[in-house]
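The values are calculated or read from the model by the stated rules, or taken from the named source; none is laboratory data. What you see is a predicted model; the values in this text were computed from it and never measured. When we count neighbours, we look across all protein chains shown, and the Cβ atoms used for this are built from the backbone with ideal geometry, even at glycine.
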Amino acid sequence: MKPIYILCLRQLKRYVRSPARIVGSLGQPILFLVALGFGFGSMFARAGGGSYLNFLAPGIISMAILFNAVFSGIEIIWDRQFGFLKETLVAPVSRLQIVLGRTLGGAIVAMAQGGVVFIICLVFGFRLHSSLLVPVAIVFMFLIALLFTSIGTAIGSVLQDMQGFPLIMNFLVMPLFFFSSALFPIEGLPKVLKAAVGLNPLTYGVDGLRGALSSAFAFGMTTDFIVLSVLTAILLTIGSYFFSKIQL
(Lines give C-alpha, C1' and ligand atoms only; values in the text may rest on other atoms or scores of the structure.)
Protein backbone atom coordinates (compact mmCIF):
# COMPACT_ATOMS: atom_id res chain seq x y z
CA MET A 1 0.00 0.00 0.00
CA LYS A 2 2.92 2.38 0.59
CA PRO A 3 3.81 2.84 -3.13
CA ILE A 4 0.15 3.62 -3.87
CA TYR A 5 0.16 6.21 -1.10
CA ILE A 6 3.38 7.81 -2.37
CA LEU A 7 2.15 8.05 -5.98
CA CYS A 8 -1.19 9.41 -4.81
CA LEU A 9 0.59 12.03 -2.71
CA ARG A 10 2.73 12.99 -5.71
CA GLN A 11 -0.41 13.73 -7.74
CA LEU A 12 -1.77 15.89 -4.94
CA LYS A 13 1.50 17.84 -4.67
CA ARG A 14 1.41 18.56 -8.40
CA TYR A 15 -2.07 19.97 -7.97
CA VAL A 16 -1.28 22.12 -4.94
CA ARG A 17 1.90 23.52 -6.52
CA SER A 18 0.03 24.69 -9.62
CA PRO A 19 -2.26 27.58 -8.63
CA ALA A 20 -2.64 28.52 -12.31
CA ARG A 21 -4.13 25.08 -12.98
CA ILE A 22 -6.52 25.45 -10.04
CA VAL A 23 -7.73 28.90 -11.07
CA GLY A 24 -7.79 28.10 -14.80
CA SER A 25 -9.93 25.01 -14.39
CA LEU A 26 -12.57 27.05 -12.57
CA GLY A 27 -13.23 29.36 -15.53
CA GLN A 28 -15.49 27.08 -17.55
CA PRO A 29 -17.67 25.85 -14.63
CA ILE A 30 -18.22 29.42 -13.43
CA LEU A 31 -19.07 30.54 -16.98
CA PHE A 32 -21.67 27.78 -17.37
CA LEU A 33 -23.05 28.40 -13.89
CA VAL A 34 -23.53 32.15 -14.40
CA ALA A 35 -24.54 32.18 -18.09
CA LEU A 36 -26.94 29.25 -17.92
CA GLY A 37 -28.00 29.35 -14.28
CA PHE A 38 -29.09 32.97 -14.36
CA GLY A 39 -29.74 33.21 -18.12
CA PHE A 40 -32.27 30.36 -18.27
CA GLY A 41 -33.44 30.59 -14.67
CA SER A 42 -36.57 32.62 -15.36
CA MET A 43 -37.67 30.41 -18.27
CA PHE A 44 -37.13 27.25 -16.21
CA ALA A 45 -39.17 28.70 -13.36
CA ARG A 46 -42.03 29.76 -15.68
CA ALA A 47 -42.10 26.22 -17.08
CA GLY A 48 -42.73 24.94 -13.57
CA GLY A 49 -39.27 23.48 -13.01
CA GLY A 50 -38.44 25.53 -9.93
CA SER A 51 -34.95 26.91 -9.46
CA TYR A 52 -32.76 26.17 -12.47
CA LEU A 53 -29.66 27.01 -10.44
CA ASN A 54 -30.52 24.22 -8.02
CA PHE A 55 -31.04 21.86 -10.97
CA LEU A 56 -27.89 22.97 -12.80
CA ALA A 57 -25.36 23.08 -9.94
CA PRO A 58 -24.88 19.27 -9.59
CA GLY A 59 -24.27 19.09 -13.35
CA ILE A 60 -21.65 21.84 -13.18
CA ILE A 61 -19.92 20.10 -10.26
CA SER A 62 -19.89 16.90 -12.30
CA MET A 63 -18.46 18.80 -15.27
CA ALA A 64 -15.57 20.12 -13.19
CA ILE A 65 -14.80 16.60 -11.96
CA LEU A 66 -15.15 15.12 -15.46
CA PHE A 67 -12.74 17.52 -17.16
CA ASN A 68 -10.08 17.32 -14.45
CA ALA A 69 -10.36 13.53 -14.17
CA VAL A 70 -10.08 12.78 -17.89
CA PHE A 71 -7.29 15.25 -18.56
CA SER A 72 -5.19 13.71 -15.78
CA GLY A 73 -4.25 11.11 -18.41
CA ILE A 74 -2.09 13.65 -20.24
CA GLU A 75 0.36 13.49 -17.33
CA ILE A 76 1.24 9.94 -18.41
CA ILE A 77 2.25 11.20 -21.87
CA TRP A 78 4.12 14.12 -20.31
CA ASP A 79 6.03 11.86 -17.92
CA ARG A 80 6.83 9.45 -20.77
CA GLN A 81 8.27 12.18 -22.99
CA PHE A 82 10.43 13.70 -20.27
CA GLY A 83 11.64 10.43 -18.77
CA PHE A 84 9.84 10.61 -15.42
CA LEU A 85 7.66 7.60 -16.24
CA LYS A 86 10.73 5.46 -16.91
CA GLU A 87 12.08 6.28 -13.46
CA THR A 88 8.77 5.20 -11.96
CA LEU A 89 8.44 1.98 -13.95
CA VAL A 90 11.96 0.74 -13.14
CA ALA A 91 11.22 0.97 -9.42
CA PRO A 92 10.73 -2.38 -7.64
CA VAL A 93 6.97 -1.86 -7.57
CA SER A 94 4.31 -3.64 -9.60
CA ARG A 95 2.69 -1.68 -12.41
CA LEU A 96 -0.69 -2.37 -10.85
CA GLN A 97 0.33 -0.46 -7.74
CA ILE A 98 1.68 2.36 -9.89
CA VAL A 99 -1.51 2.75 -11.91
CA LEU A 100 -3.67 2.48 -8.81
CA GLY A 101 -1.66 5.20 -7.08
CA ARG A 102 -1.76 7.51 -10.10
CA THR A 103 -5.46 6.90 -10.70
CA LEU A 104 -6.41 7.37 -7.08
CA GLY A 105 -4.37 10.57 -6.89
CA GLY A 106 -5.93 11.92 -10.07
CA ALA A 107 -9.41 11.06 -8.78
CA ILE A 108 -8.81 12.85 -5.48
CA VAL A 109 -7.53 15.93 -7.32
CA ALA A 110 -10.61 15.93 -9.59
CA MET A 111 -12.90 15.49 -6.58
CA ALA A 112 -11.16 18.37 -4.79
CA GLN A 113 -11.77 20.57 -7.83
CA GLY A 114 -15.42 19.52 -7.74
CA GLY A 115 -15.52 20.48 -4.06
CA VAL A 116 -14.26 23.97 -4.89
CA VAL A 117 -16.98 24.33 -7.55
CA PHE A 118 -19.55 23.10 -5.02
CA ILE A 119 -18.56 25.93 -2.66
CA ILE A 120 -18.80 28.42 -5.54
CA CYS A 121 -22.29 27.12 -6.33
CA LEU A 122 -23.32 27.77 -2.72
CA VAL A 123 -21.99 31.33 -2.99
CA PHE A 124 -24.04 31.92 -6.16
CA GLY A 125 -27.26 30.75 -4.50
CA PHE A 126 -27.43 26.96 -4.67
CA ARG A 127 -29.19 25.50 -1.66
CA LEU A 128 -28.95 21.96 -0.28
CA HIS A 129 -32.14 20.00 0.20
CA SER A 130 -30.68 18.08 3.12
CA SER A 131 -27.22 18.34 4.65
CA LEU A 132 -27.57 14.73 5.84
CA LEU A 133 -27.04 13.49 2.27
CA VAL A 134 -23.76 15.38 1.75
CA PRO A 135 -21.72 12.21 2.50
CA VAL A 136 -23.71 10.44 -0.22
CA ALA A 137 -22.89 13.29 -2.59
CA ILE A 138 -19.18 12.91 -1.75
CA VAL A 139 -19.38 9.19 -2.58
CA PHE A 140 -20.89 9.97 -6.00
CA MET A 141 -18.28 12.67 -6.63
CA PHE A 142 -15.52 10.16 -5.90
CA LEU A 143 -17.07 7.52 -8.17
CA ILE A 144 -17.35 10.04 -11.03
CA ALA A 145 -13.74 11.08 -10.49
CA LEU A 146 -12.43 7.52 -10.32
CA LEU A 147 -14.42 6.40 -13.37
CA PHE A 148 -13.19 9.16 -15.67
CA THR A 149 -9.65 9.18 -14.31
CA SER A 150 -9.55 5.51 -15.34
CA ILE A 151 -10.65 6.51 -18.84
CA GLY A 152 -7.95 9.18 -18.96
CA THR A 153 -5.36 6.65 -17.79
CA ALA A 154 -6.37 4.16 -20.47
CA ILE A 155 -6.17 6.73 -23.28
CA GLY A 156 -2.97 8.29 -21.94
CA SER A 157 -1.36 4.85 -21.83
CA VAL A 158 -2.19 4.16 -25.49
CA LEU A 159 -1.38 7.57 -26.99
CA GLN A 160 2.14 8.94 -27.38
CA ASP A 161 1.24 12.24 -29.04
CA MET A 162 0.67 14.99 -26.49
CA GLN A 163 -1.01 17.20 -29.11
CA GLY A 164 -3.47 14.46 -30.02
CA PHE A 165 -4.65 13.87 -26.45
CA PRO A 166 -6.67 17.11 -26.05
CA LEU A 167 -8.32 16.58 -29.45
CA ILE A 168 -9.45 13.07 -28.57
CA MET A 169 -10.50 14.13 -25.11
CA ASN A 170 -12.63 17.01 -26.41
CA PHE A 171 -14.22 14.62 -28.90
CA LEU A 172 -15.07 12.34 -25.99
CA VAL A 173 -15.67 14.71 -23.08
CA MET A 174 -18.01 17.27 -24.66
CA PRO A 175 -20.58 14.66 -25.84
CA LEU A 176 -20.39 12.96 -22.45
CA PHE A 177 -21.22 16.24 -20.76
CA PHE A 178 -23.91 17.53 -23.13
CA PHE A 179 -25.62 14.13 -23.49
CA SER A 180 -25.93 13.63 -19.76
CA SER A 181 -28.67 15.12 -17.63
CA ALA A 182 -26.40 17.94 -16.51
CA LEU A 183 -28.17 20.75 -18.40
CA PHE A 184 -31.70 19.46 -18.97
CA PRO A 185 -34.18 17.05 -17.35
CA ILE A 186 -34.53 13.57 -18.80
CA GLU A 187 -38.32 13.64 -18.67
CA GLY A 188 -39.94 14.58 -21.98
CA LEU A 189 -36.90 13.94 -24.18
CA PRO A 190 -37.34 12.24 -27.58
CA LYS A 191 -36.81 8.48 -27.40
CA VAL A 192 -33.54 8.54 -29.35
CA LEU A 193 -32.05 11.26 -27.17
CA LYS A 194 -33.32 9.58 -24.01
CA ALA A 195 -31.60 6.35 -25.10
CA ALA A 196 -28.33 8.23 -25.69
CA VAL A 197 -28.59 9.86 -22.28
CA GLY A 198 -29.32 6.48 -20.67
CA LEU A 199 -26.19 4.94 -22.21
CA ASN A 200 -23.98 7.75 -20.95
CA PRO A 201 -22.16 6.80 -17.70
CA LEU A 202 -21.97 10.45 -16.62
CA THR A 203 -25.78 10.55 -16.56
CA TYR A 204 -25.83 8.25 -13.53
CA GLY A 205 -23.16 10.28 -11.77
CA VAL A 206 -25.06 13.52 -12.33
CA ASP A 207 -28.32 11.92 -11.26
CA GLY A 208 -26.79 10.48 -8.11
CA LEU A 209 -25.17 13.79 -7.21
CA ARG A 210 -28.34 15.75 -7.98
CA GLY A 211 -30.43 13.36 -5.93
CA ALA A 212 -28.08 13.62 -2.97
CA LEU A 213 -27.91 17.43 -3.10
CA SER A 214 -31.43 18.28 -4.32
CA SER A 215 -33.45 15.09 -3.62
CA ALA A 216 -34.41 14.66 -7.28
CA PHE A 217 -33.36 11.19 -8.46
CA ALA A 218 -34.40 10.19 -11.99
CA PHE A 219 -33.15 6.59 -11.77
CA GLY A 220 -32.84 6.09 -8.02
CA MET A 221 -29.84 6.11 -5.70
CA THR A 222 -29.33 2.33 -5.84
CA THR A 223 -29.36 2.20 -9.65
CA ASP A 224 -26.96 5.13 -9.93
CA PHE A 225 -24.57 3.62 -7.40
CA ILE A 226 -24.56 0.15 -8.96
CA VAL A 227 -24.05 1.42 -12.53
CA LEU A 228 -21.22 3.74 -11.51
CA SER A 229 -19.52 1.12 -9.34
CA VAL A 230 -19.62 -1.58 -12.04
CA LEU A 231 -18.42 0.77 -14.79
CA THR A 232 -15.66 2.11 -12.55
CA ALA A 233 -14.40 -1.41 -11.80
CA ILE A 234 -14.45 -2.33 -15.50
CA LEU A 235 -12.70 0.83 -16.70
CA LEU A 236 -10.16 0.72 -13.88
CA THR A 237 -9.28 -2.80 -15.01
CA ILE A 238 -9.00 -1.66 -18.65
CA GLY A 239 -6.86 1.34 -17.68
CA SER A 240 -4.58 -0.87 -15.58
CA TYR A 241 -4.21 -3.31 -18.48
CA PHE A 242 -3.21 -0.64 -20.99
CA PHE A 243 -0.81 0.95 -18.50
CA SER A 244 0.84 -2.42 -17.91
CA LYS A 245 1.52 -2.67 -21.68
CA ILE A 246 3.40 0.65 -21.93
CA GLN A 247 6.69 0.24 -23.79
CA LEU A 248 9.43 2.78 -23.06
Taking segment 173-195, which residues are buried (at least 16 other Cβ atoms within 10 Å of the Cβ) and not in a loop (DSSP other than H, G, I, E, B)? V173, L176, F177
Yes or no: I168 within 17 Å of the chain's Cα centre (by Cα), of a type in the set (V, I, T), surrounded by 21 or more Cβ atoms within 10 Å (Cβ to Cβ) and under 25 Å from E75 (Cα atoms)? no
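More than 12 Å from the chain's Cα centre (by Cα), more than 15 Å from G59 (Cα to Cα) and buried (at least 23 other Cβ atoms within 10 Å of the Cβ), is that true of T153?
Criteria met by T153.
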Look through V93, V117 and report the one residue that is at pLDDT 80 or above and surrounded by 15 or more Cβ atoms within 10 Å (Cβ to Cβ). V117
Breaking point among (1) free of Cβ contacts under 8 Å to residues at least 40 places away in the same chain; (2) touching a Leu at 6+ places or on another chain (Cβ under 6 Å); (3) not polar (S, T, N, Q), for F171: (2)
Pair list, Cβ under 9 Å, 6 or more apart: segment 193-211 residue farther than 21 Å from V136 by Cα and at pLDDT 90 or above, other residue among the β-branched types (V, I, T) and not in a helix (DSSP H, G or I): none
Can you work out which of the residues in segment 133-149 that are more than 10 Å from the chain's Cα centre (by Cα) and either without any contact (Cβ under 8 Å) to a residue 60 or more places away in the chain or under 16 Å from F71 (Cα atoms) (or both) is surrounded by the most Cβ atoms within 10 Å (Cβ to Cβ)? I138
Checked against (1) part of a loop (DSSP other than H, G, I, E, B); (2) in contact with a Leu (Cβ under 8 Å, 6 or more places away or on another chain), S229 satisfies every condition except (1)
Which members of segment 153-168 meet the condition of being within 30 Å of V34 (Cα to Cα), out of contact with any helix residue (DSSP H, G or I) (no Cβ under 7 Å at 6 or more places or on another chain) and touching a residue at least 60 places away in the same chain (Cβ under 8 Å)? P166
Condition first: of a type in the set (V, I, T), surrounded by fewer than 19 Cβ atoms within 10 Å (Cβ to Cβ), modelled with pLDDT of 80 or more and under 19 Å from M141 (Cβ atoms). Now tell me which residues in segment 15-65 satisfy that. I30
Only one of I238, I186 is closer than 15 Å to F148 by Cα, in contact (Cβ under 8 Å) with a residue 12 or more places away in the chain and over 17 Å from the mean Cα position of the chain (by Cα), namely I238
How many residues of segment 120-132 are in contact (Cβ under 8 Å) with a residue 24 or more places away in the chain and surrounded by fewer than 17 Cβ atoms within 10 Å (Cβ to Cβ)? The answer is 5
